[in-house]
Amino acid sequence: MADVLTDKIVKTRKEHVCWGCGEKFEKGVGLRFVKTVDSGVINSSYWCRVCDVTALEHHDWNDDGFPFAIVKD
């Protein structure tokens with residue numbers, strides 16, 4: 001299980017891809033930024049509002065992490 005280091009809503013300074021849906025978002029958009037560490041490996045991801053809410057509602061996806069663009073599928 002990964003430990004969460006950072007979990008906050010940020011206004012982006014550059015373009016990012018949402019981990020939940022794989023869509024590109026221009027700079028200046030509010031996205032959730034999550035940084036985790038698992039077995040010494042640090043990972044970070046950005047989540048759009050729709051995917052953020054969807055991921056929270058389907059917390060069972062957390063067992064093995066969140067595959068890229070799972071919300072879009």
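Structure values in brief
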| quantity | calculated |
| --- | --- |
| Every residue from region 51-65 that is open to solvent by less than 80 Å² (accessible area, probe 1.4 Å), at negative phi and at pLDDT below 75 | 58, 61, 62 |
| Qualifying positions in region 16-50 - open to solvent by 90 Å² or more (accessible area, probe 1.4 Å) and closer than 22 Å to residue 72 by Cα | 19, 24, 26, 27, 49, 50 |
| Some residue of region 4-14 being on the phi > 0 side of the Ramachandran plot, at pLDDT 95 or above and either part of a loop (DSSP other than H, G, I, E, B) or surrounded by fewer than 10 Cβ atoms within 10 Å (Cβ to Cβ) (or both) | no |
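The values are calculated or read from the model by the stated rules, or taken from the named source; none is laboratory data. These figures come from a predicted structure and were not determined experimentally. Counting neighbours? That spans all protein chains shown, and the Cβs are built from the backbone with ideal geometry, glycine included. Quick note on the areas: whole protein, heavy atoms, side chains included, nothing else; ligands and nucleic acids left out. Shrake-Rupley method; radii C 1.70, N 1.55, O 1.52, S 1.80 Å.
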